[in-house]
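Engineer: There's a structure below that I have some questions on.
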Amino acid sequence: MDNFPTVGLKKSLPGSILAITLYYLWSDMSFNELRGLFLVMALVMMLVLNNSKNSLFSVTPQVSSFTHHVFPVIVIAIGVACFTLFYMEFIRQYVTGQEVDYIAGFLVSGELEVSEKLSYFFESVILAPLSEEFFFRFILLSSIYLLLKSQFIGVLLSSLFFSYGHEDPVVAFFLGIAASIVLLKYASIYSAVILHAFYNLWIYTIEVFIVPAFFFNDWSFAPSGNIGTIVSIVAFSISLTALLIIKSKKNQCNKV
């Protein structure tokens with residue numbers, strides 16, 4: 001029999017996807033092909049989850065058995081975000097001359113409307129992690145691994161395909177590598193979804209809240225950009241330190 005967290009997840013997520021679909025259909029926001037694809041894939045994933053006997057997939061443990069992995073996965077997500085922002089704000093900008101995307105966007109449009117923030121949040125933090133991890137990690141990575149009998153090739157090819165559909169393939173490729181490693185390490189699609197969702201949530205927070213706060217709505221003051229990297233490094237350092245302290249105390253308790 002399913003435990004309580006698993007039952008709650010099975011019942012709540014399909015309803016959430018349905019609510020998001022209705023939100024798009026009855027709002028003023030455009031419903032383009034990409035959003036439609038995300039919604040369909042996420043809905044299929046949730047139906048599979050709802051109809052499964054014990055867990056999402058045969059490789060996925062009960063929810064209660066992976067909860068102690070959540071914090072390490074979040075720390076990894078912040079670490080990947082550090083690399084992403086360092087690449088965007090330093091390597092790509094100063095080597096290629098390409099301006100940081102979110103700074104360029106805010107300079108043109110200014111502060112986002114509330115509806116735009118909600119739309120961006122739903123797509124990046126909920127829909128994209130669910131649909132992309134279901135397709136690129138579980139289906140594609142698993143299929144390549146079973147066909148070629150190589151985890152390395154599976155991780156590499158699925159991450160390359162994942163990066164092809166994104167605006168910045170370098171960033172997407174390394175995110176795909178990280179999500180694949182987490183999936184294989186913890187044998188749980190949940191962990192990969194959490195990594196992807198928290199990574200997107202952190203980038204979303206940087207773009208929508210932290211960067212505008214530093215600019216004080218004076219777009220002529222906007223620097224060429226290292227705000228995201230600095231904030232992410234601080235957050236990563238704090239979270240990693242907390243994780244090490246928790247693990248140290250846990251090891252001490254086990255020895256007693």
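The values are calculated or read from the model by the stated rules, or taken from the named source; none is laboratory data. What you see is a predicted model, and the numbers here were worked out from it, not measured in a lab. Cβ coordinates were reconstructed from backbone atoms using ideal geometry, including for glycine residues, and neighbour counts include every protein chain displayed.
Engineer: Quick check on segment 220-233. Is at least one of its residues part of a helix (DSSP H, G or I), modelled with pLDDT under 70, in contact with a Leu (Cβ under 6 Å, 6 or more places away or on another chain) and surrounded by fewer than 17 Cβ atoms within 10 Å (Cβ to Cβ)?
Structural biologist: So far as segment 220-233 goes, no, none of its residues is part of a helix (DSSP H, G or I), modelled with pLDDT under 70, in contact with a Leu (Cβ under 6 Å, 6 or more places away or on another chain) and surrounded by fewer than 17 Cβ atoms within 10 Å (Cβ to Cβ).
Engineer: Quick one: how many residues across segment 142-182 are at pLDDT 85 or above and touching a Leu at 6+ places or on another chain (Cβ under 7 Å)?
Structural biologist: 10
Engineer: Let me ask something additional. Quick one: S150 ticks every box in (1) over 12 Å from the mean Cα position of the chain (by Cα); (2) crowded, with 18+ Cβ neighbours inside 10 Å; (3) among the small types (G, A, S) except a single one, so which number is it?
Structural biologist: (2)
Engineer: Do you know which residues across segment 112-132 are closer than 15 Å to F198 by Cα and either free of Cβ contacts under 8 Å to residues at least 60 places away in the same chain or not small (G, A, S) (or both)?
Structural biologist: Y120, F121, F122, E123, V125, I126, L127, P129, L130, E132
Engineer: Could you please let me know if Y190 is touching a helix residue (DSSP H, G or I) at 6+ places or on another chain (Cβ under 8 Å) and either crowded, with 24+ Cβ neighbours inside 10 Å or of a type in the set (D, E) (or both)?
Structural biologist: It is true that Y190 is touching a helix residue (DSSP H, G or I) at 6+ places or on another chain (Cβ under 8 Å) and either crowded, with 24+ Cβ neighbours inside 10 Å or of a type in the set (D, E) (or both).
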